[in-house]
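Shown next, in structure tokens, is the structure this report addresses.
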Amino acid sequence: MTDLDSQIDQQHRQVEEVENQARQIEARICRIQGAARYLPHRRYGSAVDGNEIRKNLTLASLIARRDAPLAAYLGVASGEHRRREEEAEARAMAAESMRLQTERLRQQNQQAQHQRYQQQLAGVDQWGRPRWAR
């Protein structure tokens, strides 16, 4: 094999490598619902161009919203995934706080009910006076 033949083969392998990687990225983008129709056209053997994706705001926002690692790889990350994670964490903390507060109020109500029952059995009102003395 001559030097030229080895260079051609090497260049062909590199182009195929780039094409395979581009197809994998496109396949991952196509898994995002509604994103496939916004994919920019590219020549065979060329990489997926992050600039072309950034120009298409719809595609960039779909990728950023649904696939944060891919968005970071393509340079279209908006930080929305982090904001959503923080909101979900805040909702979970609020729910836990509400659950604890509800449990505390349930215990207070149960204690007050028990106290009223004991007062009724003892024949006194809420101020400690006998009920039939009024």
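The values are calculated or read from the model by the stated rules, or taken from the named source; none is laboratory data. Note that the coordinates shown come from a computational prediction; the quantities given were computed from them, not determined experimentally. Cβ atoms come from the backbone with ideal geometry, glycine included; neighbour counts cover every protein chain shown.
Within the stretch 83-134, the set of residues being over 37 Å from the mean Cα position of the chain (by Cα) and polar (S, T, N, Q) comprises Gln108, Asn109, Gln110, Gln111, Gln113, Gln115, Gln118, Gln119, Gln120, Gln126. Reported count of residues in the stretch 1-57, each being of a type in the set (A, V, I, L, M) and within 19 Å of Ala72 (Cβ to Cβ), is 11. Do we have Arg43 as out of contact with any Phe, Trp or Tyr (no Cβ under 8 Å at 6 or more places or on another chain), charged (D, E, K, R) and assigned to a helix (DSSP H, G or I) here? So Arg43 fails the test.
Let's see how each residue does on (1) under 30 Å from His12 (Cα atoms); (2) not assigned by TED's automatic domain parsing to the domain that holds Arg13:
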{"site": "Gly34", "(1), (2)": "no, no"}
{"site": "Val48", "(1), (2)": "yes, no"}
{"site": "Thr58", "(1), (2)": "no, no"}
{"site": "Ala72", "(1), (2)": "yes, no"}
{"site": "Glu85", "(1), (2)": "no, yes"}
{"site": "Ala95", "(1), (2)": "no, yes"}
{"site": "Met98", "(1), (2)": "no, yes"}
{"site": "Arg106", "(1), (2)": "no, yes"}
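Of all residues in the stretch 46-63 being in a loop (DSSP other than H, G, I, E, B) and of a type in the set (S, T, N, Q), which is surrounded by the most Cβ atoms within 10 Å (Cβ to Cβ)? Of everything passing the filter in the stretch 46-63, Asn56 is surrounded by the most Cβ atoms within 10 Å (Cβ to Cβ).
Could you check, for the stretch 64-82, whether at least one of its residues is of a type in the set (D, E, K, R), at negative phi, in a helix (DSSP H, G or I) and modelled with pLDDT under 85? If you could, list the steps in order and put the result at the bottom.
Narrowing the stretch 64-82 to residues of a type in the set (D, E, K, R): 65-67, 80, 82.
Next, only the ones that are at negative phi stay: 65-67, 80, 82.
Cutting the leftovers down to in a helix (DSSP H, G or I) gives us 65-66, 80, 82.
The next check asks that each one be modelled with pLDDT under 85; those that pass are 80, 82.
The answer is yes; a qualifying residue exists.
Return yes when Glu89 is acidic (Asp, Glu), surrounded by 11 or more Cβ atoms within 10 Å (Cβ to Cβ) and within 30 Å of Ile32 (Cα to Cα) and no when it is not. Here the answer is no, as Glu89 does not meet what is asked. Please work out if Tyr117 is among the hydroxyl-bearing types (Ser, Thr, Tyr) and surrounded by fewer than 10 Cβ atoms within 10 Å (Cβ to Cβ). Judged against the criteria, Tyr117 is not a match.
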